[in-house]
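K.L.:
There's a structure below that I have some questions on.
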Amino acid sequence: MKIGSVTMVPSGRQFEVLPGQTLLEAGLAAGIALPFGCANGSCGTCQARVQTGSVDKIKHHDFVLTETQKLDGHCLLCSCSTNQNINIEVLEANSVVDIPHQELQAKLCRSERSQNVIVLAFKFVRGKALRFLPGQRVQLTQSAGSSIELAIASCPCNAQYVEFHIANNEHSQLEAAQWAELMLEARSRERISVSGPLGDFTLSNNIGKPKLFIANGIEFAQLQGMIEQVLNSELDVPCFLIWQASANTPHYRLNWCQSWRDAFDNFDFLAIETNAAICSVLPASWLSKNPGYEVYIGAMHHELHQNLINLGIPPDSIFFPAS
């Protein structure tokens with residue numbers, strides 16, 4: 001079947017639509033922060049106007065478009081697809097200020113323990129979905145009132161689910177570990193409140209620049225969604241992840257990183273031990289071949305930050321979450 005191609009107006013950004021994919025699914029997979037509220041045709045937030053070409057409705061939606069809107073080319077991105085070259089009028093989010101604050105309910109749908117790390121995945125109830133940018137955080141509140149703020153480890157391409165990684169050892173943040181254990185005890189019986197997104201740590205709009213990601217231990221959770229966003233976008237952008245094991249948190253998703261390296265020609269990965277000096281293991285060949293790269297650090301480390309600046313990286317090209 002023929003693959004569709006979408007050009008967004010006014011931004012001019014483009015993405016492809018595979019057979020059976022909705023416009024919303026294809027846009028999110030391409031790393032474009034399209035507007036949506038539920039992703040299932042109930043709210044109408046993802047309404048857009050087709051300027052040229054045509055779309056096909058492939059999923060039912062309860063939201064009612066007026067006859068005037070239909071005649072003017074309006075459609076719901078979450079319910080329509082195309083196999084043509086089309087232009088659609090829609091405003092995507094370009095920064096965290098474009099993402100509205102949301103209050104949603106979710107239930108635990110998956111959990112796992114892996115090398116001193118608890119991984120929790122939640123699905124939003126009533127068909128809702130969270131709009132966020134990779135790297136942002138949310139506040140999670142249990143029915144009893146216990147709250148915790150965590151980085152979203154998953155990619156926005158499937159915003160009906162969110163995933164979190166929590167270190168679980170004697171040296172970890174005790175509050176977070178206890179919160180995770182309470183969720184595991186409650187399992188799917190309890191709904192939690194998800195409030196956010198929070199924070200301004202996310203990918204820059206310089207999508208064509210090479211990217212270096214650096215994480216220590218559980219900080220990988222802060223970067224996982226960002227890396228997946230870049231890889232899903234299928235951009236011809238070299239990316240390099242250096243993941244340093246911490247004293248108590250090893251490379252708990254080593255296989256994931258290795259599979260990315262095997263699947264994507266432009267992605268490289270280096271796992272290093274706790275006592276290694278990060279800047280000393282940066283391959284000179286990668287640095288020389290990829291001038292003007294951006295650096296994303298899972299947390300602020302003053303010595304690492306200064307060492308990166310000493311390598312000649314401009315401070316405004318080094319990104320890290322606010323403490």
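K.L.:
Is at least one residue of region 111-124 among the small types (G, A, S), in contact (Cβ under 8 Å) with a residue 60 or more places away in the chain, touching a strand residue (DSSP E or B) at 6+ places or on another chain (Cβ under 8 Å) and not assigned by TED's automatic domain parsing to the domain that holds T45?
P.N.:
Quick first cut of region 111-124, residues among the small types (G, A, S) only: 111, 114, 121.
Still in the running and in contact (Cβ under 8 Å) with a residue 60 or more places away in the chain: 111, 114.
Adding the requirement that they be touching a strand residue (DSSP E or B) at 6+ places or on another chain (Cβ under 8 Å) leaves 111.
Keeping just the survivors that are not assigned by TED's automatic domain parsing to the domain that holds T45 gives 111.
Yes: one or more hits.
K.L.:
Tell me, which strands (runs of 3 or more DSSP E) wholly within region 75-185 include 2 or more residues that are of a type in the set (S, T, N, Q) and modelled with pLDDT of 90 or more? Steps first, answer last, please.
P.N.:
Values: elements: 85-89, 102-113, 117-124, 137-141, 147-151, 161-167.
Because the criterion is at least 2 residues that are of a type in the set (S, T, N, Q) and modelled with pLDDT of 90 or more, the strands (runs of 3 or more DSSP E) in region 75-185 that meet it are 85-89, 102-113, 137-141.
K.L.:
Using the structure shown, decide if F15 is part of a loop (DSSP other than H, G, I, E, B) and surrounded by 15 or more Cβ atoms within 10 Å (Cβ to Cβ). Let's see the steps before the verdict.
P.N.:
Working: part of a loop (DSSP other than H, G, I, E, B): no; surrounded by 15 or more Cβ atoms within 10 Å (Cβ to Cβ): yes.
Considered against the rule, which asks whether it is part of a loop (DSSP other than H, G, I, E, B) and surrounded by 15 or more Cβ atoms within 10 Å (Cβ to Cβ), F15 comes out as no.
K.L.:
Between a first residue in region 1-28 that is acidic (D, E) and a second residue that is assigned to a helix (DSSP H, G or I) and buried (at least 22 other Cβ atoms within 10 Å of the Cβ), which pairs have beta carbons less than 8 Å apart while being 6 or more apart in sequence or on different chains?
P.N.:
E16/A26
K.L.:
When both residues are 6+ apart or on different chains and their Cβ atoms are under 9 Å apart, which pairs have a first residue that lies in region 305-320 and is farther than 17 Å from K209 by Cα and of a type in the set (V, I, T), and a second that is part of a helix (DSSP H, G or I) and modelled with pLDDT of 90 or more?
P.N.:
Cβ pairs passing all conditions: I309/P315.
K.L.:
Let me ask something additional. Sort out which residues of region 260-297 are polar (S, T, N, Q) and in contact (Cβ under 8 Å) with a residue 12 or more places away in the chain, and write them in order of number. If you could, list the steps in order and put the result at the bottom.
P.N.:
So the first thing to find is which residues in region 260-297 are polar (S, T, N, Q), and the list is 266, 274-275, 280, 285, 288, 290.
Matches in region 260-297: N266, T274, N290.
K.L.:
Also, quick follow-up: Restricting to region 18-31, give me the number of residues that are outside any helix (DSSP H, G or I) and either of a type in the set (D, E, K, R) or buried (at least 21 other Cβ atoms within 10 Å of the Cβ) (or both). Give the steps one after another, and end with the answer.
P.N.:
From region 18-31, those outside any helix (DSSP H, G or I) are 18-22, 30-31; that's our starting set.
Those still in the list that are either of a type in the set (D, E, K, R) or buried (at least 21 other Cβ atoms within 10 Å of the Cβ) (or both) too: 22, 31.
So the count comes out to 2.
K.L.:
Any idea which of Q178, Q160, Q224 is at negative phi, of a type outside the set (S, T, Y) and buried (at least 23 other Cβ atoms within 10 Å of the Cβ)? First the steps, then the outcome.
P.N.:
Numbers: Q178 fails: buried (at least 23 other Cβ atoms within 10 Å of the Cβ); Q160 fails: buried (at least 23 other Cβ atoms within 10 Å of the Cβ).
Being at negative phi, of a type outside the set (S, T, Y) and buried (at least 23 other Cβ atoms within 10 Å of the Cβ) holds for just one of Q178, Q160, Q224, which is Q224.
K.L.:
Determine if region 42-51 includes at least one residue that is among the small types (G, A, S), surrounded by 21 or more Cβ atoms within 10 Å (Cβ to Cβ), closer than 30 Å to T202 by Cβ and not assigned by TED's automatic domain parsing to the domain that holds V125.
P.N.:
Step one: list which residues in region 42-51 are among the small types (G, A, S), which gives 42, 44, 48.
Within this subset, residues satisfying the condition of being surrounded by 21 or more Cβ atoms within 10 Å (Cβ to Cβ) are 48.
Those still in the list that are closer than 30 Å to T202 by Cβ too: 48.
From what is left, the residues that are not assigned by TED's automatic domain parsing to the domain that holds V125 are 48.
Checked against the condition, which is being among the small types (G, A, S), surrounded by 21 or more Cβ atoms within 10 Å (Cβ to Cβ), closer than 30 Å to T202 by Cβ and not assigned by TED's automatic domain parsing to the domain that holds V125, region 42-51 yields at least one hit.
K.L.:
Scan region 242-252 and tell me whether some residue there is touching a Pro at 6+ places or on another chain (Cβ under 9 Å) and either among the aromatic types (F, W, Y) or more than 22 Å from F164 (Cβ to Cβ) (or both).
P.N.:
As a first pass, look at region 242-252 and keep what is touching a Pro at 6+ places or on another chain (Cβ under 9 Å): none.
Among the residues of region 242-252, not one is touching a Pro at 6+ places or on another chain (Cβ under 9 Å) and either among the aromatic types (F, W, Y) or more than 22 Å from F164 (Cβ to Cβ) (or both), which makes the answer no.
K.L.:
Same structure again: Name the one entry in L65, L34 that is more than 24 Å from the chain's Cα centre (by Cα) and part of a loop (DSSP other than H, G, I, E, B). Talk me through it step by step, then tell me what you get.
P.N.:
Values: L34 fails: more than 24 Å from the chain's Cα centre (by Cα).
Being more than 24 Å from the chain's Cα centre (by Cα) and part of a loop (DSSP other than H, G, I, E, B) holds for just one of L65, L34, which is L65.
K.L.:
Could you list all residues from region 94-117 that are under 21 Å from Q160 (Cα atoms), among the hydrophobic types (A, V, I, L, M, F, W, C) and surrounded by 17 or more Cβ atoms within 10 Å (Cβ to Cβ)?
P.N.:
Listed by number, the residues that qualify are V96, I99, L104, A106, L108.
K.L.:
Let me ask something else. Among the residues of region 251-286, count how many are within 16 Å of E219 (Cβ to Cβ), in contact with a helix residue (DSSP H, G or I) (Cβ under 9 Å, 6 or more places away or on another chain) and assigned to a helix (DSSP H, G or I).
P.N.:
Filtering region 251-286 for residues within 16 Å of E219 (Cβ to Cβ) gives 251-254, 256-257, 269-274, 276, 278.
Right, trim to in contact with a helix residue (DSSP H, G or I) (Cβ under 9 Å, 6 or more places away or on another chain) and you get 251-253, 256-257, 269-272, 274, 278.
Subset that is assigned to a helix (DSSP H, G or I): 256-257, 278.
Looking only at that region, the number is 3.
K.L.:
A follow-up question, please. Given the conditions (1) under 22 Å from F201 (Cα atoms); (2) surrounded by 20 or more Cβ atoms within 10 Å (Cβ to Cβ); (3) not aromatic (F, W, Y), which single one is not true for H301?
P.N.:
The number of the failed condition is (2).
K.L.:
Would you confirm whether or not region 232-253 contains a residue that is of a type in the set (V, I, T), at pLDDT 80 or above and more than 19 Å from the chain's Cα centre (by Cα)? Give the steps one after another, and end with the answer.
P.N.:
Let us first name the residues in region 232-253 that are of a type in the set (V, I, T), namely 237, 242, 249.
Still in the list and also at pLDDT 80 or above: 237, 242, 249.
With more than 19 Å from the chain's Cα centre (by Cα) added as a condition, the list becomes 249.
Within region 232-253, one or more residues are of a type in the set (V, I, T), at pLDDT 80 or above and more than 19 Å from the chain's Cα centre (by Cα).
The values are calculated or read from the model by the stated rules, or taken from the named source; none is laboratory data. These numbers come from a predicted model, not from an experiment. Heads up, the Cβs are rebuilt from the backbone with ideal geometry, glycines too, and the neighbour counts pull from every protein chain shown.
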